[in-house]
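What follows is calculated from the coordinates using simple rules that are stated; it is not laboratory data. Computed from a prediction, not measured in an experiment: that's the story for all the values here. Here Cβ is always computed from backbone atoms with ideal geometry, including for glycine, and neighbour counts include all displayed protein chains.
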Amino acid sequence: MNDNEMKHKVEKMALERYGKAFTFVLVIAIVVLLVIEIFTHRHGELPIEEMFFFPAIYGFSAFVFIVMMGKLLRQVIMRPENYYQDEEDDRDDA
Amino acid sequence: MMPDLGLPPGLVMILAAIAIPFLPPLTRHIWMLLAVAISATTLLASPGDHLIWSIMGLELSLYHVDNLTFPFSMIFHIAAFLVVIYSWHVKTWPELTATLAYAGAAIAAVHAGDLISLFIWWEATAITSVFIILAAGTVAARQAAMRYLIIQVSSGVLLIGGAALYYFEFGRITFEAMTLEGMASWFIFLAFGIKAAFPFLNGWLQDAYPEATPTGTVALSAFTTKLAIYALARGFPGTEVLIWIGAVMTAFPVFFAVIENDLRRVLSFSLNNQLGFMVVAVGIGTPLALNGAVAHAFVHIIYKALLFMSVGCVVHQTGTAKASELGGLYRKMPFTMLCCVIGAMSIAAFPLFSGFVAKSLTMTALGGTEYALAYLVLLFASAGVLEHSGIKIPYFTFFAHPSTREIGKTPAGMTIAMGIAAIMCIGIGIFPGLLYQILPYAKVKNPYDLSHVTGQLQLLLLAGMAFVVLIRLGLYPPEIRSTVLNTDWFYRRLAPAIIKPLVAFFMSLAKSADHIIMMVARKAMAGAKWIAEHPVAGPVIPGPAALVQVMVLLFIMAIIYANLI
């Protein structure tokens, strides 16, 4: 294993460690929010917003929906990187 | 107190810009800061019309000041200041000249009290900003700049057309609140809509902005679109259709941003989505909502500039903004990473960051109306903002993959500008009163109550959790080198695909017609020649003589016919 590969591996492990720490902090914060939600009344702009843990459920679902739709959208509107380039280069030469 | 230079605000910056090419490179930025500072003294002017020009029977108000112009003028001056600092390492004059003139034109436009002077500065922002895109010096930038110019000038043409019709209809050119009745207001509305990047009129934004230099994109992100928001807030407050247009604007770009690989393009989609929130607020039109639009525009300019600055810094150091080629820079560029995260948390509207104190005004205003669906769309889009700007930008730039890339030193100007913008994002977030006191309408109460804070945190943290889950399950779409089709496809591909064959068809038709005409002409000539060469009455009368006789005969017959009638 050369120096570069070694560095790469160490970096990868560090990133994984930070990722785990981030997830841990996130879970703790969510648990705290859940506890607050149980013990306090949260006022919402719409009646539906006052449902138990509504913003949380809505945020999670919205995020997953956006990403999944994005994946679907890729099938329709994703093109190779040089999609516009070829024709425009021709035009430029002309 | 009113500083009286006899010049409308911003014009001093345009005049100063003209001198930039003739100054030694080392003094150019000091000169630019000086121009911004002198122009900023106009912020002290009291409300009213300070400079009227009478021209061709029209009264042009070039220096209009009121509660709405003040916050926009102030933030445009701040943005100009930040851009000058950020571009301190840029020594070439074309970009610097264009940048200062562009910022000056936008400031002057804010102070236009009538539609004609608004048009002049509206066009000036278009023309000056084109040179910022051109300054990148690439073929792609040149082509994008031309498309950008066509769209921007079209906006100007609609505006002057609308202004003329407005004058004929109402006999005045004052830039005031209008209703969407009649062609004049529709023309003006569309002109504003192009610059505000309404749905399907937005292609120019994602097409052109990412093609500019790292410094140029920061300048571009601040002015044109927010000038359009200002214009909508002055011209069309409370126009219901804006609520739905804005709602679509908030939701529709987020899907594109998920799959876009160029991070500056992702930020351009994000810019579009943010404009949506402001457009909705203008559409509601209540004092609270309009305050929301202004507050959002104000903080947005700072955090969007911060995001563009941090990604620009990465482009400056690595030469690319492609997510597929970046990642793992957190150790190499820790300060830039920190600034980017602050910008990301601000745009995602985390409590204690500037986005939160602005967005909650619009959300509260919208929650109090009957537009519950629009409210839910905006809530949905808020999760979208977290996705593309809150997570995607910092994650794919600074984390995601290990990096062994060598990085040079970041220019000091870039670091300082990012630092100032980051401090402003946090400062406004912690002390919202600083922002609220300059808002144009009614007083606003503090947004920090338990319901607002916990509700927002629930939305954002669970959306963040969704990201973690999707990444860990391998369901998050990978970064792929690609082009994502946007609405500019209609004029870059569809229109040529239809028009080219049509043009070819008409060209071939013209060619055939030409061919037929030439053939007939040739035959006629040949016939005439044949007649001329062949005697028609035996050997006595030669052909040419016969032709002359026929012509004389025809002439005589024509005279007789004319006499008869």
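Near B:THR225, once Lys and Arg are set to +1 and Asp and Glu to -1 for all other residues with Cβ below 13 Å from its Cβ, the sum equals +3. When Rg and the Kirkwood radius Rh are both evaluated on Cα atoms of chain A, their ratio Rg/Rh stands at 1.24. Screening chain A for whole DSSP H helices of 27 Å or more along their axis (Cα) with average Kyte-Doolittle hydropathy at least -1.0 returns A:3-39, A:54-77.
Over 30 Å apart at the Cα level, from the set A:LYS12/B:LYS392; B:LYS359/B:LYS409; A:LYS20/B:LYS226, are B:LYS359/B:LYS409; A:LYS20/B:LYS226. Derived value for the protein assembly as shown: Kirkwood hydrodynamic radius 27.2 Å. Basis is the mean of 1/r over every pair of different alpha-carbon atoms. Calculation over all alpha carbon pairs of region B:407-565 in 10 angstrom steps from 0 returns a P(r) of 7, 10, 12, 15, 10, 7, 7, 6, 7, 14, 5, 1 percent.
Its convex hull of Cα atoms gives region B:6-130 a direction-averaged projected area, equal to a quarter of the hull surface, of 7.4 nm². Centre-to-centre separation between the Cα atoms of region B:280-338 and those of region B:45-95: 23 Å. Alpha-carbon geometry of region A:1-40: the Rg and the Dmax are 17.4, 57 Å, given in that order.
Over all other residues within a Cβ to Cβ distance under 13 Å of A:PHE65, the charged ones net out to 0, with Lys and Arg as +1 and Asp and Glu as -1. Were the residues from B:TRP53 through B:ALA442 laid out at 0.36 nm apart, the gain over their Cα-Cα distance would be 136.8 nm. The modelled label-to-label distance for the pair B:VAL469/B:MET551, using points 7 Å beyond Cα in the direction of Cβ, is 9.5 nm. Largest first and in whole Å, the equivalent-ellipsoid semi-axes of region B:1-236 read 28, 23, 14, each the square root of five times a Cα gyration tensor eigenvalue.
What's the local net charge at A:MET13, with K and R +1, D and E -1, over the other residues with C-beta under 14 Å away?
+3
Each residue of region B:424-504 gets 249 Å³ once the volume of the Cα convex hull is shared out per residue.
One Cα centroid belongs to region B:347-371, the other to region B:192-223; the line between them spans 24 Å. Both radii are taken from the alpha-carbon atoms of region B:311-401; with Rh as the Kirkwood radius, Rg/Rh is 1.11. When the helices of the protein assembly as shown are scored as -39500 (n - 2.57) per DSSP H run of n ≥ 4 and the total is divided over every residue, the value at 222 nm lands at -23000 deg cm²/dmol.
Taking the Cα atoms only, what angle lies between the long axis of helix B:354-367 and the longest principal axis of chain B, rounded to 10 degrees? Roughly 70 degrees between the two axes. Couplings for region B:280-289, taken from phi via the Karplus curve 6.51 cos²θ - 1.76 cosθ + 1.60 with θ = phi - 60°, read 4, 4, 5, x, 5, x, 6, x, 5, 5 Hz in order; Gly and Pro are left as x.
Restricting the calculation to Cα atoms, every distinct pair contributes to the Kirkwood radius of region B:239-482, found to be 18.1 Å.
Taking only alpha carbon atoms, chain B gives an Rg to Rh ratio of 1.17, where Rh is the Kirkwood radius.
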